[in-house]
Amino acid sequence: MGGKTEDQIPTDVYLSFVRSLYGNRMTLRAGMVAHVTICMLIFIKVRDPAYIAFGVAIFTIWLGRLYSVKRFDKVVFTEDDRETIARWERVYIAGTGLATLMLGAMNGYAFLVTRDVFAQTAVLSVTLSAMVSVVGRNFGSKTNVNVITLAAGLPIMVSLFLVGNIYMAVLALLIVPLIVTTRAMANGVREFLYDNVISHREIAIIADRFNTALNNMPHGLFMLDSANRIVVANRKAAELLKVPNREALRNHTLNAVLRFGVHRSVVSADQAKIIQRQLDALIDGRESRALVYFSDDLYLEFSAKRRSDKGVVLIFEDVTARVRAEEKIVYMARYDSLTGLANRGYFSEIVEKSVKEMGDEEKYALVVLDLDDFKHVNDTSGHLTGDRLLCALAARLNGIVDDRMTLSRFGGDEFVIFVRDVRNTQQIDEMMAGLFDSLRGTYLVDGNKIFVSMSAGVVIGTKSEFRLDDMQIKADLALYETKHNEKDSWTIFAEEMDDKYTRRQKLKAALREAVRDKAFTVAYQPMFTADTIQIACCEALSRWYHPEFGAVSPADYIPLAEEMGIVSELTRHMLNVACRDCASWTNGASVSVNLSANDLRSHDIVDMVMDALESTGLSADRLQVEVTESAFVQDATKAKAILTDLRAKGVTIAIDDFGTGYSSLSYLNVLPLNKIKIDRSFVSDITNDERTLKLLRGVVHLSRELGLEIVVEGVETEDQLELIRSTNSADLIQGFIFGMPMPCSGIIALTESTSGHKNLSPAEVKQRAEDAVRM
């Protein structure tokens, strides 16, 4: 006990020691019988009634001790009632002390009074045996050990000394080591038992803590012995494996547990074999982890660690949620979130794998499919409707593609199809015809009936020439060709398209450089008054000549500039040059500059116009900007706000190419317009078709009712001019009848040559224009 006193011993251990004192009642009775019998034998031998008295005293003490034992049995002890335990220890010590002291007194009486050898020997024997018995049954109390050894030993020593015999005195001294040895033995037994009790307690505490920790683990745990039998299984393990009683797992192999799972339909027999192989690989050390599939609702991940005794610890956890999350991440990484079709990356993986499996001569086709005018659907019906239309189209595509085809959505309204086992172009044409017939038609989306047509580009190739990026570029070129020529159709790639693409890329690079270097010139197309044939305004037209490409048409490079996002810089250049040139015209004519749809997406165009006017000193009322109806399709509200701001600053606003857009009349009503420029399509046939003339006059009448100035474009013959003038269908006239566009110097010269000459004929004006250009 490490020198601990009773106060330092844990109460429950203290109680167990005291209980041991009261425990063995048979030895107590046997001791009383032996002692009383000795008293009677000595009395018979020596006839001294004192021994009768000793016997009666011993029996009385025994009765008292027996009574205390019975009372002790009825006491209910609590762990914190240390004082009660100590009191009962003192009661026991008092009883043993009296009994032992009585034996010591008998020794004194036998040696000093009776002086009979038998009496002396008998009394000494029972007393020493009583003292030694402390080791066997009275060790539980240190105080009790001291009391017994001293109460028995000291009277013997005193008696032997008082005999007066030297030998007896030596014998008395030898009692001392017996007392010391007995005390040491008793205390040693007590300390040994104490240490064992404490160790047992600590082991029990550790075991309880281990058991608590083990059964509160979020993971399942199996501890296997060297024969791969389960020796420890926690509660989570039984729960994950759906075993009702975890104790049933002990001493069984994993194979037996799996068979039990098969019996209870937790896993199938085939699954059990697969799982067994996976776990064997873990236990043998061939794998460190194993993801084990039990069912769609249960994935367990096992890990193994070998123990020093050649056993194995298996730890496993439910990773179903993680597997589901990983599957979702993989799905999101591979599939388009809107349509559920393979995305660009996953499509590339599938196609590249498919091409590797192809024969060297096997042909394939890559189809790029694009919806016609899908942007119009988004603009008129909303992006949500557009998304649902794409989903409906994807669902229909999924329903018609076969095993040879791999389908993907690359983004926007672009779908891509990879087709294996292609024989020839005729087969592709037949496939595309069937595809278009299935997809083309009216879709009902959110109550809207939307007619869908599409355009496609197709490229055919073989395994040896496969490179997906190149194939896609070629299919895109074929698609571009389709859209350029005729929508609602498809085009199979031809090599000359590649040449067009190369030229287009070179043209883009050259255009960017030209915009940066301001390499554009400006030509002006005059607008003449209908009555006096005088120059009232000139439309500024950009011209670009390139050393390699020659004179590039605005119809080619302006859409390209819009696509590249650099058209605003071209507009800035045109504004600056046009305003500068107009400021040099002395007749007060105005200049007109075209704005693109891109220009009307940002309010920066207002600053750009005002900077041009301020830097050149041109009055705002001499600048006119022209916009086409296509500029209002994307964001009519913003475009209207920009034009309203420009008009408020004094700039004239004209709508160009009127009559070729979607909703011309509504624009006349809502936009802040000053002028309307009627497209040449209203003029080209007015001399031959009375209906066309009536349409022109109707538009003119409506425009004048709205307070708009009328410009008629595309007038090329004198008959057209005469008819327009006679019907008063124009305020200004523009067209090749008066000549071709000319530089600023030509406008100045023509203005001077026509100034003051009213009612010149168109031929005279055209001749003077040609002369002005040559000057």
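Things worth noting here:
- Residue 247 among the charged types (D, E, K, R), open to solvent by 80 Å² or more (accessible area, probe 1.4 Å) and part of a helix (DSSP H, G or I): yes
- Note on the stretch 38-73: among residues that are touching a helix residue (DSSP H, G or I) at 6+ places or on another chain (Cβ under 6 Å) and among the basic types (Lys, Arg), the one that is most open to solvent (accessible area, probe 1.4 Å) is 45.
- Subset tally (residues that are under 15 Å from residue 372 (Cβ atoms) and either open to solvent by 30 Å² or more (accessible area, probe 1.4 Å) or hydroxyl-bearing (Ser, Thr, Tyr) (or both)) for the stretch 430-444: 3
- When the stretch 208-226 is filtered for residues that are open to solvent by 50 Å² or more (accessible area, probe 1.4 Å) and either within 23 Å of residue 310 (Cβ to Cβ) or modelled with pLDDT of 75 or more (or both), the ones remaining, listed by number, are 210, 219, 226.
- Residue, farthest from the chain's Cα centre (by Cα), within the stretch 358-415, restricted to residues that are polar (S, T, N, Q) and open to solvent by 40 Å² or more (accessible area, probe 1.4 Å): 380
- The residues listed here are 421, 437, 429; of these, the one that is in a strand (DSSP E or B) and over 20 Å from residue 341 (Cβ atoms) is 421.
- When residue 290 is tested against (1) in a strand (DSSP E or B); (2) over 17 Å from residue 236 (Cα atoms); (3) open to solvent by 40 Å² or more (accessible area, probe 1.4 Å), just one condition goes unmet, and that condition is (3).
- Within the stretch 334-354, the residues that satisfy the criterion of being open to solvent by 10 Å² or more (accessible area, probe 1.4 Å) and either over 21 Å from residue 399 (Cβ atoms) or assigned to a helix (DSSP H, G or I) (or both) are 334, 344, 345, 346, 348, 349, 350, 352, 353, 354.
- The stretch 373-392, residues that are in contact with a strand residue (DSSP E or B) (Cβ under 7 Å, 6 or more places away or on another chain) and either on the phi > 0 side of the Ramachandran plot or modelled with pLDDT of 85 or more (or both): 385, 388, 389, 392
- Long-range neighbours under 8 Å by Cβ, at least six apart or interchain, first residue under 9 Å from residue 252 (Cα atoms) and in contact (Cβ under 8 Å) with a residue 60 or more places away in the chain within the stretch 222-238, second open to solvent by less than 10 Å² (accessible area, probe 1.4 Å) and in a strand (DSSP E or B): 228/312; 231/224
- Residues within the stretch 585-594 that are open to solvent by 10 Å² or more (accessible area, probe 1.4 Å) and either free of Cβ contacts under 8 Å to residues at least 60 places away in the same chain or in a strand (DSSP E or B) (or both), tallied: 3
- Listing of helices (runs of 4 or more DSSP H) fully contained in the stretch 89-203 that carry 3 or more residues being crowded, with 22+ Cβ neighbours inside 10 Å and out of contact with any Cys (no Cβ under 8 Å at 6 or more places or on another chain): 117-132, 142-163
- Residues of the stretch 732-775 satisfying the condition of being open to solvent by 30 Å² or more (accessible area, probe 1.4 Å), over 21 Å from residue 588 (Cβ atoms) and of a type outside the set (Lys, Arg): 736, 740, 761, 763, 764, 767, 770, 771, 773, 775
The values are calculated or read from the model by the stated rules, or taken from the named source; none is laboratory data. All of these numbers come straight from a predicted model, not from anything done at the bench. When we count neighbours, we look across all protein chains shown, and the Cβ atoms used for this are built from the backbone with ideal geometry, even at glycine. Only protein heavy atoms, including side chains, enter the accessible area calculation; ligands, DNA and RNA are left aside. Shrake-Rupley method; radii C 1.70, N 1.55, O 1.52, S 1.80 Å.
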